[in-house]
Amino acid sequence: MRDFQDLIDHDAALTVSCRYCGAAEGKPCTTLDRNGDRHPLTHLAAHPKRIQRAARIARLQQFDAERAAARAEARQ
């Protein structure tokens with residue numbers, strides 16, 4: 001990881017599982033070396049699709065929270 005944004009992306013990516021490498025929630029993404037052994041990614045925060053998926057889920061949760069707040073406000 002090279003900068004603060006990579007650290008933010010890494011933390012966000014840990015909230016979802018990775019469909020590319022199969023890493024579970026809370027576990028870092030892994031890759032295979034020449035011998036077939038798995039080790040954590042070192043130059044990337046996570047696989048790009050995992051970062052995108054985490055961002056999409058965060059946006060959906062934000063939207064759901066705003067919608068619930070608007071409904072609660074409309075009921076009053």
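The values are calculated or read from the model by the stated rules, or taken from the named source; none is laboratory data. This is a predicted model, so every value here is computed, not measured. As a convention, Cβ positions derive from the backbone with ideal geometry for all residues, glycine included, and neighbour counts pool all protein chains shown.
So for segment 57-64 (the condition being modelled with pLDDT of 95 or more, among the charged types (D, E, K, R) and part of a loop (DSSP other than H, G, I, E, B)), does at least one residue qualify? Checked segment 57-64: no residue is modelled with pLDDT of 95 or more, among the charged types (D, E, K, R) and part of a loop (DSSP other than H, G, I, E, B). For R38, indicate whether it is in contact with a strand residue (DSSP E or B) (Cβ under 9 Å, 6 or more places away or on another chain), free of Cβ contacts under 8 Å to residues at least 24 places away in the same chain and basic (K, R). Yes, satisfied. The sole residue among A24, A68, A13 that is hydrophobic (A, V, I, L, M, F, W, C), surrounded by 13 or more Cβ atoms within 10 Å (Cβ to Cβ) and either at pLDDT 95 or above or in contact with an Asp or Glu (Cβ under 8 Å, 6 or more places away or on another chain) (or both) is A13. Considering (1) among the small types (G, A, S); (2) outside any helix (DSSP H, G or I); (3) surrounded by 14 or more Cβ atoms within 10 Å (Cβ to Cβ), the lone condition that A54 does not fulfil carries the number (2).
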